[in-house]
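Student: Take a look at the following structure, please.
The values are calculated or read from the model by the stated rules, or taken from the named source; none is laboratory data. Worth saying up front: this structure is predicted, and the values here are computed from it rather than measured. All Cβ positions, glycine included, derive from the backbone under ideal geometry; neighbour counts span all protein chains shown. Accessible surface areas use protein heavy atoms only, side chains included; no ligands, DNA or RNA. Shrake-Rupley method; radii C 1.70, N 1.55, O 1.52, S 1.80 Å.
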Amino acid sequence: MHITLKQLKAFRAVASLGQVRLAAQQLSLSQPATSMAIAELENQLGCQLFDRTGNKLLINHQGELLMPLASELLDRTSEIETLFRDLQNTESGHLRIGASTTIGNYLLPDILAQVSADFPNISFNMDIRNTENIISRVASFDLDIGCVEGPCQHEDIDVIPWQEDELLVICGPDHPLAKEGEISVEQLNNQNWILRESGSGTRNIFDQHLGQKLTDLSVKMELNQSEAIKKLVQYGQGISCLSRLCVSHELELGELIPIKVSGITLNRTLSLLLHKKKYQSHIIQLMLKALGWQKPEY
């Protein structure tokens, strides 16, 4: 048996993208060469790694068994190449980071900017999606590190508590609730709510700790962008619940007003996600350190 890195690269690319054509483009190979690499790998292993559905290739059980081993080998190979590319500067490479919306827009940019300034030969690809999507991409080895606001209970993912955050109920300065001071939960019934979409960490916390307490929750709009929600609330279209991280500037300017709700505190823990079977390369550990976490030594 003679498995090549080319075959494993083709396998991982096809598993991630689902099409030979897209994998070939990513690898700068011809489509026939990519198909041949997959066929040769399957022939050597004596099993199919994908289920064929039209022009889609969906990774099957055998492929899922191979994925963590192939990913670790390719990552280690990449680290060897990086290590010896420039002996004068070993702090180089590429990181794929996924962040849920609030973290990606309001917390992570400052950290990435600092890491980029300290280590200019490290490049980044940051994918901003909601929590459910980030969990899915970490689980499929499409991301090196995930940073999420919502809970994660995936059996293949290590969840590392990272930072604390607070959600605030907010309204515009001309909204009647802006002058109320502290209000009761009941006063939030029959309000026009403008909320994040289901699947986001912010929405999950709202639903669990406040939404279920409302007997008449009226959701006027659901949006997947906090910036749009803030503007609509400022324009008096309703009230919302967002992270203090993303409304701090508007609160300082008086463009948004926090509403204190009696008996309600919406705190949450932001988390880092790492696949349990993914090899933690030097630059992954460096990024984790920049985020404030180091792998414990036993």
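Student: Would you please name the residue that is surrounded by the most Cβ atoms within 10 Å (Cβ to Cβ), looking only at residues in the stretch 241-298 that are outside any helix (DSSP H, G or I) and of a type in the set (Asp, Glu)?
Tutor: Restricting to residues being outside any helix (DSSP H, G or I) and of a type in the set (Asp, Glu), the top hit is GLU255.
Student: Right, another one. Could you tell me whether the stretch 280-290 includes any residue that is within 30 Å of VAL115 (Cα to Cα) and in contact with a His (Cβ under 9 Å, 6 or more places away or on another chain)?
Tutor: Our first condition is that a residue be within 30 Å of VAL115 (Cα to Cα); within the stretch 280-290, this holds for 280-290.
Keeping just the survivors that are in contact with a His (Cβ under 9 Å, 6 or more places away or on another chain) gives 283.
Yes, that holds for at least one residue.
Student: Related question: Pairs only if they're at least six apart or on different chains, beta carbon under 6 angstrom, first in the stretch 235-250 and more than 18 Å from VAL219 (Cβ to Cβ), second open to solvent by 10 Å² or more (accessible area, probe 1.4 Å) and part of a helix (DSSP H, G or I); list them, first residue then second.
Tutor: Close Cβ pairs (under 6 Å, with a partner that is open to solvent by 10 Å² or more (accessible area, probe 1.4 Å) and part of a helix (DSSP H, G or I)) amount to LEU245/TYR106; CYS246/TYR106.
Here is a yes/no grid of residues against (1) more than 15 Å from SER140 (Cβ to Cβ); (2) crowded, with 17+ Cβ neighbours inside 10 Å; (3) out of contact with any helix residue (DSSP H, G or I) (no Cβ under 6 Å at 6 or more places or on another chain):
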{"residue": "HIS2", "(1), (2), (3)": "yes, no, yes"}
{"residue": "LEU27", "(1), (2), (3)": "yes, yes, no"}
{"residue": "THR34", "(1), (2), (3)": "yes, yes, no"}
{"residue": "ALA39", "(1), (2), (3)": "yes, no, yes"}
{"residue": "ILE59", "(1), (2), (3)": "no, yes, no"}
{"residue": "ARG76", "(1), (2), (3)": "yes, no, yes"}
{"residue": "LEU95", "(1), (2), (3)": "yes, yes, no"}
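Student: Taking LEU195 and the conditions (1) under 12 Å from the mean Cα position of the chain (by Cα); (2) more than 28 Å from ARG12 (Cα to Cα), which numbered condition does it fall short on, given that it satisfies the others?
Tutor: (1)
Student: What are the pairs with Cβ atoms under 6 angstrom where one residue, in the stretch 193-209, is at positive phi and modelled with pLDDT under 95 and the other, located anywhere, is of a type in the set (S, T, N, Q) and open to solvent by less than 30 Å² (accessible area, probe 1.4 Å)? Sequence gap at least six, or different chains.
Tutor: Close Cβ pairs (under 6 Å, with a partner that is of a type in the set (S, T, N, Q) and open to solvent by less than 30 Å² (accessible area, probe 1.4 Å)) amount to GLY199/ASN130.
Student: Here is a follow-up. Are any residues in the stretch 181-210 outside any loop (DSSP other than H, G, I, E, B) and open to solvent by less than 10 Å² (accessible area, probe 1.4 Å), and if so, which ones? Before you say what the answer is, go through the steps one by one.
Tutor: The first filter runs over the stretch 181-210 and keeps only residues outside any loop (DSSP other than H, G, I, E, B), leaving 182-183, 185-188, 192-196, 201-209.
Answer for the stretch 181-210, where residues must be outside any loop (DSSP other than H, G, I, E, B) and open to solvent by less than 10 Å² (accessible area, probe 1.4 Å): ILE183, LEU188, TRP193, ILE194, LEU195, ARG196, GLY201, THR202, PHE206.
Student: A further question follows. Enumerate the pairs (first residue in the stretch 212-229 and closer than 26 Å to ASN105 by Cβ and among the acidic types (Asp, Glu); second residue anywhere and open to solvent by 90 Å² or more (accessible area, probe 1.4 Å) and part of a helix (DSSP H, G or I)) with beta-carbon separation below 6 Å, excluding pairs fewer than 6 apart on the same chain, so at least 6 apart or on different chains.
Tutor: That search, which allows pairs on different chains as well, returns nothing.
Student: Then there is this: So, THR77, is that one touching a residue at least 60 places away in the same chain (Cβ under 8 Å) and hydroxyl-bearing (Ser, Thr, Tyr) or not? Break it down stepwise before answering.
Tutor: Details: touching a residue at least 60 places away in the same chain (Cβ under 8 Å): yes; hydroxyl-bearing (Ser, Thr, Tyr): yes.
Taking the combined requirement at face value, the residue satisfies it.
Student: List every residue pair whose Cβ atoms lie under 8 Å apart, where the two residues are 6 or more positions apart in sequence or sit on different chains, the first residue falls within the stretch 1-21 and is in a loop (DSSP other than H, G, I, E, B), and the second residue, located anywhere, is hydrophobic (A, V, I, L, M, F, W, C) and open to solvent by less than 10 Å² (accessible area, probe 1.4 Å).
Tutor: Hits for this filter: ILE3/LEU41; THR4/ALA37.
Student: Checking the structure you have, find out if any residue of the stretch 104-117 is open to solvent by less than 70 Å² (accessible area, probe 1.4 Å) and modelled with pLDDT under 90.
Tutor: The answer is no; no qualifying residue exists.
Student: Only one of (1) touching a Lys or Arg at 6+ places or on another chain (Cβ under 8 Å); (2) farther than 29 Å from PRO258 by Cα; (3) open to solvent by 40 Å² or more (accessible area, probe 1.4 Å); (4) not in a helix (DSSP H, G or I) is not met by GLU166, so which one is it?
Tutor: (2)
Let's see how each residue does on (1) within 17 Å of the chain's Cα centre (by Cα); (2) at pLDDT 90 or above:
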{"site": "ILE259", "(1), (2)": "no, yes"}
{"site": "LEU270", "(1), (2)": "yes, yes"}
{"site": "LYS276", "(1), (2)": "yes, yes"}
{"site": "GLN280", "(1), (2)": "no, no"}
{"site": "LEU288", "(1), (2)": "yes, yes"}
{"site": "GLN294", "(1), (2)": "no, no"}
{"site": "GLU297", "(1), (2)": "no, no"}
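Student: Do we have LEU69 as loosely packed, with under 14 Cβ neighbours inside 10 Å, more than 27 Å from GLY150 (Cα to Cα), among the aliphatic types (A, V, I, L, M) and out of contact with any strand residue (DSSP E or B) (no Cβ under 8 Å at 6 or more places or on another chain) here?
Tutor: Values: loosely packed, with under 14 Cβ neighbours inside 10 Å: yes; more than 27 Å from GLY150 (Cα to Cα): yes; among the aliphatic types (A, V, I, L, M): yes; out of contact with any strand residue (DSSP E or B) (no Cβ under 8 Å at 6 or more places or on another chain): yes.
Yes: the conditions hold for LEU69.
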